[in-house]
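The structure under discussion appears below in the form of structure tokens.
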Amino acid sequence: MMKLLEVILVLGTPISILVWLVWRSFKKSEDRLRTGVKLGLAAAIIGLWVFKVVPMASGGGENALIALIGSLPFMLILGMLIAPQIGRWLAAPLTSLFDGGGREMEPRANYTIAEARLMQGNYKAAAAEIRSQLNRFPGDHRGWLMLAELQAGKFDDMDGAMQSLSMILSQIDAPVSIIAAAANLAADLHLKHGHDPDAARESLGQIIERFPDSVQAQQASERIGHLSTREQLDQKAAPKSVNLASGHRDLGLKHEVILPAEETLNERLDVLRAQLAAHPSDSEAREKLVMLFAAELGDLDSARAQVNYAIAVPNITIKQQTRWLHLLAVLEIRYGRNTEGAKLAMERIIAAWPKSGYAQVAQDRIARLGLELKGVSDAPEAKELGVYERDLGLKKPAGPLGQEAVDANEDVAGNLPKLAPPVLRTLELLTPKTEPAAKPAPKPLKRPKITI
């Protein structure tokens, strides 16, 4: 009994492995009929060799020699049948590094034909190809987005485009990038064709609602703060007309300069504060407020506070944070003449992201802060020019003072040869002398004819 178990273990294990390899090869074969015929012939040859040749070799003597010679054709035929397959099995670990091995490719939608049709301008064929791919892969986000853009941009089918976008927005497992692209496209359609900022705000709000801690949510919030009103959209769509106000008569003859009215600093400050109170993540308005504090009001402390508030906005990207800190360094150098403050701003970048390219740029800038300060200090100061009377050279002298000036000028002009003879002599030498023009020769007189 023990010997039988040993035989089963010794022979059963390799036989089981061989059967598994044969079945795996047959299952992955592209031509299963041909593979089945090969495996059947190989099994028949192995069976004949085991039951006919091996017993002859066990008897010894001449039978063993005959069995050895008779095994050669069996082995040759068997090698011709299964050698290529064995070679592929042995080389599979190396070739799989380049071709992926026997791993099956996940079927995906292919839009190369649709893209080629779009480049050719055949939009109907492109839409038909996209729909054929969506019939096979109804959950493909890219296909629905391409179809929506095609319907809105080329066919003016707003209802169809919105329906295609709803197929993306209704998917729970869609990634944030796809949802953001679909929501922004829906907002564009609402603004361009429907003049409906409320619907656009609702579409963008889906990004904030579904992915509140994402960069796309912060961008959507910032875009909501800059949406145009319905009146502005209607005004853009209406035929452009310019209403000219009554201007100043004889404007070119007036001496005073009339400039258009500008907003005061307080008015601009109130507008920016109101915008940021409604939309705290509006980076454009906050940057304008920072520059207003630093450049025009000279309040560098308030500018620093606004920069720190902008950096603390949720979901802000690393690129935006480093940009604010570099702006803070510019303010410290230009308006505070403070290299230490600029250095602290750069050190905040290095401490937050020590092994990034942003840290290397900040480190390089720290070494140049002295040069930046020198460039700001050595800037040429603006010089105010004097005020001159217009048309001074065209005016005639009037009054007794003017007459005295004219008489004085005549006296000086008459005494010039007496006051400065060397100068006049020099001018005579430098002035090229011109020969007087030759007088024309007198015409000969015609003698009268005398007739006798």
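The values are calculated or read from the model by the stated rules, or taken from the named source; none is laboratory data. Nothing here was measured: the structure is a model prediction, and the numbers come from that model. When we count neighbours, we look across all protein chains shown, and the Cβ atoms used for this are built from the backbone with ideal geometry, even at glycine.
I'd like the residue in region 291-340 that is without any contact (Cβ under 8 Å) to a residue 60 or more places away in the chain and not in a helix (DSSP H, G or I) and, out of all such residues, is farthest from S356 (Cα to Cα).
L297
For (1) within 26 Å of the chain's Cα centre (by Cα); (2) more than 30 Å from Q235 (Cα to Cα), each residue gets a yes or a no:
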position	(1), (2)
A127	no, yes
E149	yes, no
D156	no, no
G160	no, no
A186	yes, no
L189	yes, no
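Residues K27, K52: which one is part of a helix (DSSP H, G or I) and modelled with pLDDT of 70 or more?
K52
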